[in-house]
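The values are calculated or read from the model by the stated rules, or taken from the named source; none is laboratory data. All figures in this text were calculated on a predicted structure; none of them were measured in a lab. Glycine gets a Cβ as well: all are built from the backbone with ideal geometry, and neighbour counts include every protein chain shown. The area values use the complete protein model at the heavy-atom level, side chains included, leaving out ligands, DNA and RNA. Shrake-Rupley method; radii C 1.70, N 1.55, O 1.52, S 1.80 Å.
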Amino acid sequence: MRTHYCGQVTESLIDQDVSVCGWVNRRRDHGGIIFVDLRDRDGIVQVVFDPEQSEIFEIAEQIRNEFVLHVTGRVRARPQGTINPDLPTGQIEVVASALTVLNDSQTPPFQLDDEDVHEETRLRHRYVDLRRPFMQERIRTKAAVYRALRSFLDAHGFLDIETPILTRATPEGARDYLVPSRTQAGSFFALPQSPQLFKQLLMASGFDRYYQIVRCFRDEDLRADRQPEFTQLDIETSFMNEDDILSLMEDMICDLFAGILDVTLEKPFPRIRYADALHRYGSDKPDLRIPLELVDVTELMREVEFKVFREPACDPQGRVAVLKVPGGAALTRKQIDEYTDFVTQYGAGGLAYIKCVRAADIPSGLQSPILKFLPEEVIAQLVERTVASDGDLLFFGADKKQIVDAALGALRVRVGHDLDLVEPGWQPLWVVEFPMFEWDAEAKGWSALHHPFTAPTCAGPEELLSNPEEALSRAYDMVLNGTEVGGGSVRVHKAEMQAAIFEVLQIDPKRAEEKFGFLMRALTCGMPPHGGIAFGLDRLVMLMTGSQSIRDVIPFPKTQNATCPLTDAPSPADEKQLQELHIRLRPGTH
C-alpha cells in the first residue's frame, strides 16, 4: 500500500512517485489549493491537492483532522519561501495524483498539539494520546532501550529465559495479586512481584547467565514512579561476586546511554555505603547533582538547654542535623513557612532555622527565633561546622533519626530544585552495604530490608544469629539522578545460611518448608554462588526521555487508584464465573 513512511520522504526522492499512508495532522485551504500535513509514526509530510485534479480535489475538500488517508503522488521541491527548516521533510512536498480515504474520524476528544490535557482524558482516549509525536518518540525510545539491552546481554553470554506468570506468593514487600484456581477449589495463584526464586533455580540448573524483560505485579500504593504492573530487566549470574556484577552492569548502562542519548557516563560509578548516604543526604537514593549535604550536630546539642534539640540529641535513636542553603538568607518568611509545612509531611514537628546575614558577627549578624536558646559558643561552632558564609541559611532537623533523615533529605531535593542548584547532566552511583534486617515495631520482630534470599556479609550462620541488628547485606542499588533504577544482591547459596535467615525472620521450619521447600532442596543439590539485579525499565526510560511520570512511557498505564479508564478495568465478574471459581462475594460488594 505504501512505498515510504511520511518522515522518509526527503529531497533524495524529488521527481519520484511515492505512496504514503497516515493521519491528517492539519488541513489548510489556500486560494483553492489544499495542503494536508500527513502524519505517521515516522514524521510529517506535506501533501498538495491541485484543483485541476478535480476528482481527488473534491475528496480532499471533505477530509478533516485525524482522517486516515492513502496518498500517491510525485515528490517536488517546495517553492522558495515555503520551506520549513524545522521538519526533516520541510524541503519537499508531495503533489497528489491519487487519494483514498481509508477511514474518517469524528472530532478528536482533544487537539494533539494541546499540552494541557487532563490525564484522565488522555488515558480514556489513549489511542489518540499515543498519536502525538512526543508520545510516539517516548515509546520508540523505550523499544530502542529494550533492543540495546538485549544486544548487550546476548553479546555477554546471557540467555533470555521465560519464567512463570502464574506462581505462588513470595515475600517481596508488597501485596500479591491473586488469581483463583478453577480446578483447585479454594487455592490461588499469585502474579509474580519478581521472578526472584525462579531465576535462582535457573542458576541451580546450570544456565549460568540469565536475563528476561519481564512483567511484574505489585498491589501497592501508587505514585509517579510506580504502577501495579511494570516491566523490569531481570538478570542473574553464577560465579560472579558483587564487584564483577557491578562492573558489568556499569558497562551495560554506559553502552545504553552512549547508544541512545549519545551521552558518556564516567566509570566506575561512585559507591556510597547505605549508612553514609543517610548521614550525608538523608536518603538511600541521593541525587548527587544537588551540591548540598547534611551536617550532623547531634553531639553539639547534648548539653544545650533548648529541649527541642537536647532531647533528640540525648536519644540513642535521635538525631540533630543541619542543611545549609547557600544564599538562603534571602528567603522570605512565607517561603520558610512553606518549607516548614513541607517537612511535616515526613513527620517533622517543625523547621528551625538561622539566617547568616553576616556569618562572622556572632550573634548580631545572625537572625533566628532560636538564637536566644543557644549558647554563643554553640552558635559559633554551628557556623564553623557548616562553613556558613554571608547570606546562607541553616535549616535544622531534630527528632528520631528516621524522621530527620526523611524530612531533611526531602527538603534538600526540594530546595535544590527551587533555587536552581541542580547541576546539569547525569549522576549515577551505587548504594551498598545495606542492613540485612530492619525492626518491625508493629510485628515486634525483624523483617528483611530487601528480601530474605540476600546474602549477608558475615562469615556464617552463627554470627548472623548472634547479632542480626548489626548484620550487613551484600546488596546494591543503582541510583540515577536521585531515582533508584536498579537493585540486586549476591544471594544465599547454602541451605544453612538460608535457614538462619528464616530463623531471624521468625519463619519456623514448617512454614519455611511450606513456602520455600523447593528452594531449600535446590540449595542442598549443588547451588552455585550467584547474584543478580533487576532494573525498572519504566523508571529508566522515564529519566532518559525527561518524562515526569512512568505513565508517560507505558502505552496503556493505570491511574493512581490502579484503574484503567480506557477499558474500565477492573470490572465485576458475572455470577457464573464466580461459581466456577468457587467464590461468593460479601453482601454490599459488586
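Candidates Ile354, Phe189, Gly73 compared by Cα position along the dipole of the chain: farthest toward the positive end lies Phe189, with charges placed on Cβ.
On the protein heavy atoms, probe 1.4 angstrom, tell me the percent of accessible surface of the chain carried by carbon and sulfur.
49 percent
Once backbone amide H atoms are built at 1.01 Å from N, Ser473 has Phe434, Met436, Thr457 as its partners under 5 Å, excluding neighbours fewer than 5 places away on the same chain.
Ordering Ala204, Pro228, Leu261 by the projection of their Cα atoms onto the charge dipole of region 189-291, which places +1 on the Cβ of Lys and Arg and -1 on the Cβ of Asp and Glu, puts Pro228 at the extreme positive end.
When its C-alpha radius of gyration is set against 2.2 N^0.38 Å (N residues), region 1-146 gives a value of 1.07. Here mean projected area of the Cα convex hull in nm² was computed from the coordinates, and among (i) 29.4; (ii) 32.0; (iii) 36.6 the match is (iii). Projected onto its three principal axes, the C-alpha set of region 418-549 covers 54, 33, 26 Å, listed from the longest axis down.
Other residues with beta-carbon under 13 Å from the beta-carbon of Val490 carry, at +1 per Lys or Arg and -1 per Asp or Glu, a net charge of -2.
Percent of Cα pairs in region 144-273 per distance bin of 5 Å, from zero to the largest separation: 2, 9, 15, 17, 18, 17, 12, 5, 2, 1, 1, 0.
Within the straight-line cut-off of under 18 Å between alpha carbons, none of the lysines are reachable from Lys576, sequence neighbours fewer than 8 places apart in one chain being disregarded. Separation of region 183-243 from region 439-501 is 18 Å, based on Cα centroids. Please compare each pair in Lys142/Lys334; Lys142/Lys324; Lys444/Lys510; Lys267/Lys401; Lys372/Lys400; Lys494/Lys558 to a cut-off of 31 Å on the Cα-Cα distance and tell me which ones are over it. Violating the 31 Å limit, Cα to Cα: Lys142/Lys334; Lys142/Lys324; Lys267/Lys401; Lys494/Lys558. Charges were assigned to the Cβ only: +1 to each Lys and Arg, -1 to each Asp and Glu. The resulting dipole of the chain about its Cα centre is roughly 860 debye. Given the alpha-carbon gyration tensor of region 285-428, what are the semi-axes of its equivalent ellipsoid in whole angstrom, ordered largest first, with each equal to the square root of 5 times an eigenvalue? One finds semi-axes of 23, 19, 14 Å for region 285-428.
For region 456-501, state the average projected area of the convex hull of the C-alpha atoms over all orientations, rounded to one decimal in nm². The orientation-averaged projected area of the Cα hull of region 456-501 comes to 3.7 nm².
Backbone phi angles across region 413-428, fed through the Karplus curve with coefficients 6.51, -1.76 and 1.60 (θ = phi - 60°), yield HN-Hα couplings of 5, 4, 5, x, 6, 4, 9, 6, 9, 6, 6, x, x, 10, 10, x Hz in residue order; Gly and Pro are listed as x.
Mean projection of the Cα convex hull over all viewing directions, computed for region 484-590: 12.2 nm². Within the shell defined by Cβ-Cβ distances under 11 Å, the residues around Gly43 carry a net charge of -2, with Lys and Arg each +1 and Asp and Glu each -1. Considered as an equivalent ellipsoid built on the Cα gyration tensor, region 347-434 has semi-axes of 27, 18, 13 Å, the largest given first. Basic side chains Lys and Arg get +1 at the Cβ, acidic Asp and Glu get -1 at the Cβ, and with that the dipole of region 142-186 about its Cα centre reaches some 180 debye. Rolling a 1.4 Å probe over the heavy atoms of the protein chains gives the chain an accessible area of 50 Å² per residue.
With K and R counted +1 and D and E -1, the other residues having a Cβ less than 14 Å from that of Glu580 yield a net charge of +1.
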